[in-house]
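The values are calculated or read from the model by the stated rules, or taken from the named source; none is laboratory data. Note that the structure is a prediction, hence the values are computed from the model and not measured. Reconstructed Cβ throughout: ideal geometry from the backbone, glycine too, with neighbour counts over all protein chains shown. Remember, those area values only see protein heavy atoms, side chains included, never the ligands or the DNA or RNA. Shrake-Rupley method; radii C 1.70, N 1.55, O 1.52, S 1.80 Å.
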Amino acid sequence: MHTVDLRGVSCPTNFVKAKLALEMLDEGAVVEFLLDDGEPVKNVPRSLKGEGHKLIGLKEADGHYVLTIEKVGE
Amino acid sequence: MADENKTSIDLNNLKAGGFIKERGRDLFTVRLRVPGGRMTVPRLKKIAEVAERFGGEFVHLSMRQSIELVNINFRDFDAVVAELGDGEQRVASCGARVRVPTACGGCEYNPNGLVDTQKAALEVDEKLFGTPTGHHKFKVGFAGCPFDCPKSATNDVGFQGAIWPELSKEECISCGLCAKSCTEGAIAMGDDGKPVFSADKCIYCGDCIKVCPTEAWKTGKIGYTVRIGGKWGRHPLVGTLFATFVPEERVVEFISVVLAWYKEKADGSGRVRIGDIIIKEGPDSLLSRLRPRFPEYVVEKTIAPQVISTQVGA
């Protein structure tokens, strides 16, 4: 699975980077984003969901979060 | 002020209409009516034209979101009103009346906004603006969420957007974000990996609903938390809780009942704000007036408006 490390990237740059990463993928592709605790994990999942993508999972791991998203749409 | 006798203009009437006497001879400030602080760009342009033609070198942004034209000569009143009227910009009020309501940007573009404060402010402005109270000024303000940028509890009647969250456990993926986001400590993760809600700690901010990645947290109730009896000035009071989750479409009706109580109870007290009348009559008097019309929203009991010590004077 494709993984995009967004740790150390602040809002809203992390969201924009996630958006760009999703643009490179085909519909139905599943990607993992590594997000910092705090504002990034509060904002990025909601914003990507707002863009229409499907949220498959969100788990805490060693002080950060792993967000799993399935790309929806072109 | 020797000139006053030579004119036929009633300065008190002018003040009631939003024309406020300035220091300089013949000069007035004209306060415009800008409910909720929302100003269309064409109106803003029109105001700028009128200010350039009739006013001073600047305008003043009032404490309650209006634009005030300064240095307007009273001889130009008719012309100013007529010019502004073309762009449908009306003049505001002063005196013992319901004032222009204030509001935050609301929910249309601000992601924090829980309710449509702009809509509420426009409706109150349309239906209640200028209503004489018989006693003193009467201010209404709308905050879209518990951040409360408009400081709702410093109004005679202050509205604060509120959401009551409800959990759909099947849709929860146990990520724990809601518990982490809840600054009030109203959500903790239980042994089954699902959130446990402590209702008594919730301030109705809706953060859990906003942060939930799967929409497992849903809106159970939505409306306004209502605090009554606030004011600022020489002797500030903070309004206290009278109702929760008042539906957006019943705001005008709610204010009308409060106004009727105020008109009646302040009779003979002179120029006194509703907060001081609540302190005098006791909050139960107003609660029991509101309860028959709003039984599901009025709180069981409350406290009188809270005095803020200014530490100056007695």
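Only residues that are of a type in the set (S, T, N, Q) and open to solvent by less than 20 Å² (accessible area, probe 1.4 Å): list them for region B:120-139, please.
The answer is B:Thr133, and nothing else.
Say whether the condition of being within 17 Å of the chain's Cα centre (by Cα), more than 20 Å from B:Met63 (Cβ to Cβ) and not β-branched (Val, Ile, Thr) is met by at least one residue in region B:177-197.
Looking through region B:177-197, none of the residues is within 17 Å of the chain's Cα centre (by Cα), more than 20 Å from B:Met63 (Cβ to Cβ) and not β-branched (Val, Ile, Thr).
Just name the residue that is least open to solvent (accessible area, probe 1.4 Å) out of those in region B:297-312 that are free of Cβ contacts under 8 Å to residues at least 24 places away in the same chain and farther than 15 Å from B:Arg227 by Cα.
Here the residue is B:Ser309.
Here are some conditions: (1) modelled with pLDDT of 95 or more; (2) more than 25 Å from B:Tyr224 (Cβ to Cβ); (3) within 14 Å of chain A (Cβ to nearest Cβ). B:Gly176 meets all but one. Which one does it not meet?
Unmet for B:Gly176, out of (1) modelled with pLDDT of 95 or more; (2) more than 25 Å from B:Tyr224 (Cβ to Cβ); (3) within 14 Å of chain A (Cβ to nearest Cβ): (1).
Do you know which residues across region B:73-92 are of a type in the set (A, V, I, L, M) and either in a helix (DSSP H, G or I) or open to solvent by 50 Å² or more (accessible area, probe 1.4 Å) (or both)?
Result: B:Ala79, B:Val80, B:Val81, B:Ala82, B:Leu84.
With respect to A:Asp5, is the statement that it is away from every other protein chain (no Cβ under 14 Å), at pLDDT 90 or above and either more than 18 Å from B:Gly176 (Cα to Cα) or surrounded by 12 or more Cβ atoms within 10 Å (Cβ to Cβ) (or both) true?
Against the criterion (away from every other protein chain (no Cβ under 14 Å), at pLDDT 90 or above and either more than 18 Å from B:Gly176 (Cα to Cα) or surrounded by 12 or more Cβ atoms within 10 Å (Cβ to Cβ) (or both)), A:Asp5 qualifies.
Which of the residues belonging to region B:282-300 are among the charged types (D, E, K, R) and within 19 Å of B:Tyr224 (Cβ to Cβ)?
Selection gives B:Arg289, B:Arg291, B:Arg293, B:Glu296, B:Glu300.
Results for (1) part of a strand (DSSP E or B); (2) aliphatic (A, V, I, L, M), shown as yes or no for each residue.
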site	(1), (2)
B:Asn112	no, no
B:Leu122	no, yes
B:Ala162	yes, yes
B:Ser174	no, no
